[in-house]
Amino acid sequence: MAEQATALQGSIAAIIDGARVRRIDYWLWLLATGGTLIDGMAVFTLGVAMPLIITRFAIPPHVQGLLAAALVFGAVAGAAIGGPAADRLGRRPMMLLDMLIILTGAVISALATDATMLIAGQLLVGIGVGIDFPVSASYVAEWMPRQIRSRMMVATIACQSVGFIVAAALSLLLVSISHSPALWRWFFFGEAATAALFLLMRSGLPESARWLASIGRMAEARAALARVVAAAPDASLAAAASTPMRGEAPGYGVLFSRAYRKRTALAALPWFLMDIATYGVGLFTPVILAAIHFGKTASGTIAAESVDIKGSGAIDLFLLIGFAIGLFVVPRFGRVRMQVTGLLLMAAAMGVLFMAVQMPGDSSTKTAWIFAGFVLFNLAMNAGPNSTTFAMASALFPTTHRASANGLAAAVAKLGATLSVFLLPIIKADWGVPVVLALMAVVSLLGAASTAILNEEIDDGELP
């Protein structure tokens, strides 16, 4: 019986792998991108709203760190919970739950009457985003045909950058309409509306046929397969009964067994180091621009906000360009090679910024070097490690452990992000921007070294 079940799982995998690409594949991918898109929106929105929030509630520096860290610390908890839950309960229920949590958190943030309420709201948004990361990564990996799987995995995390750009456009629109000090509330209402839209659209999602087959629910797996692939299942699938499967229990224990511990380290450690740099630079890009007086010819809080939004948005546009490059170079050169290359270039970009901030005055040369540093960082990050780390666990682990592995890796990564955004304001205040940039260069180099040391050969098109 066990041999028959394994063969049936293989048949379902073979049908999905060999299916021709259909419009429904792109629709399922689009619905799965909600968490990564809102993650980008949330990071950008909090970054540009922070000056207005600080003014409104007179928030001291240590509370500013808590507010910034709440978003990413929530993602740690969400990813840690969401991965194993998706392996036990399924991908679809968790993809609905996480949008509901994000919606609730965004509304609480928009209606906040003090810093504590804001922190609670951002914590909930982070939890929802954290749940979505491992679930969406597993869902896309399990439904995409082999010929487009690698590119669609890159495209899924690329929507994080789309979220940055959407948030920038929305913020600029709101700033052009109103100069109210309460404008930050509408930034968060924009997040809530996006989560509500994805929650509505995801209500019709089919469950992952690979996951259903992995736990022996063959009748449901056949129905999901017929709905998406629109091809008649072969005779063995049609005749198969639903039989509960017994094997390794889903959860974190097996990830640290001798068979998987190196793969677990490869999926988690470089992502942890990359997120220290990514969130440290990304969340506080407006703060860094302000600290080096980029473009500050306008006066007034709202006018300064507009400058920071435009500067951050222009820089973040290169995040999307980096992902576009990643769509082609990652499948061609492989995840490990592009991850090492990207992290090395990120370190070089921090070196360029370090040099730029040492230049005296506000010359055009200084501005050009600052932009060059940010552009190189964003291009290198998204053409390499930001594309590859998201997809690494999906390629390394089988269906029964895929979401748990994704969840552990994402949780460890967001822990790095939490440390970064909590400590960055303190480090910047005590030692200045150059020290922050030097630290980001060091962690990028460590990420490249750990990837090279833990190197594991991966077939980009094949799922275990």
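Tabulated results
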item	result
Checklist (1) at pLDDT 90 or above; (2) within 21 Å of residue 131 (Cβ to Cβ); (3) in contact with a Leu (Cβ under 8 Å, 6 or more places away or on another chain) applied to residue 186, failing item	(2)
Evaluation of residue 204 against (1) part of a helix (DSSP H, G or I); (2) out of contact with any Leu (no Cβ under 7 Å at 6 or more places or on another chain) (one fails), failing number	(1)
Qualifying residue in segment 155-167 (condition: more than 19 Å from residue 385 (Cβ to Cβ), buried (at least 24 other Cβ atoms within 10 Å of the Cβ) and over 13 Å from the mean Cα position of the chain (by Cα))	yes
Long-range neighbours under 7 Å by Cβ, at least six apart or interchain, first residue more than 21 Å from residue 214 (Cβ to Cβ) within segment 140-166, second at pLDDT below 90 and not in a helix (DSSP H, G or I)	150/460; 150/461
Breaking point among (1) at pLDDT 80 or above; (2) assigned to a helix (DSSP H, G or I), for residue 258	(2)
Any hit, segment 333-341, residues being buried (at least 17 other Cβ atoms within 10 Å of the Cβ), hydrophobic (A, V, I, L, M, F, W, C), assigned to a helix (DSSP H, G or I) and modelled with pLDDT under 85	no
Selected residue [modelled with pLDDT under 80, within 27 Å of residue 269 (Cβ to Cβ), in a helix (DSSP H, G or I) and not β-branched (Val, Ile, Thr)] from 354, 374, 328, 318	318
When residues of segment 175-207 are limited to those that are among the small types (Gly, Ala, Ser) and under 24 Å from residue 115 (Cα atoms), the one surrounded by the fewest Cβ atoms within 10 Å (Cβ to Cβ)	182
Matching helices (runs of 4 or more DSSP H) fully within segment 18-97 where at least 3 residues are among the hydroxyl-bearing types (Ser, Thr, Tyr)	34-57
Whichever residue in segment 39-74 is within 16 Å of the chain's Cα centre (by Cα) and of a type in the set (Val, Ile, Thr) and, among such residues, is surrounded by the fewest Cβ atoms within 10 Å (Cβ to Cβ)	43
Matching entry among 133, 164 (being at pLDDT below 90 and aromatic (Phe, Trp, Tyr))	164
The lone exception for residue 81 - which of (1) within 21 Å of residue 417 (Cβ to Cβ); (2) surrounded by 20 or more Cβ atoms within 10 Å (Cβ to Cβ) it fails	(2)
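One line per residue, one yes/no per condition, for (1) assigned to a loop (DSSP other than H, G, I, E, B); (2) within 19 Å of the chain's Cα centre (by Cα); (3) not charged (D, E, K, R):
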| site | (1), (2), (3) |
| --- | --- |
| 378 | no, yes, yes |
| 381 | no, yes, yes |
| 394 | no, yes, yes |
| 404 | no, yes, yes |
| 428 | no, no, no |
| 434 | no, no, yes |
| 437 | no, no, yes |
| 441 | no, no, yes |
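The values are calculated or read from the model by the stated rules, or taken from the named source; none is laboratory data. All of these numbers come straight from a predicted model, not from anything done at the bench. Cβ atoms come from the backbone with ideal geometry, glycine included; neighbour counts cover every protein chain shown.
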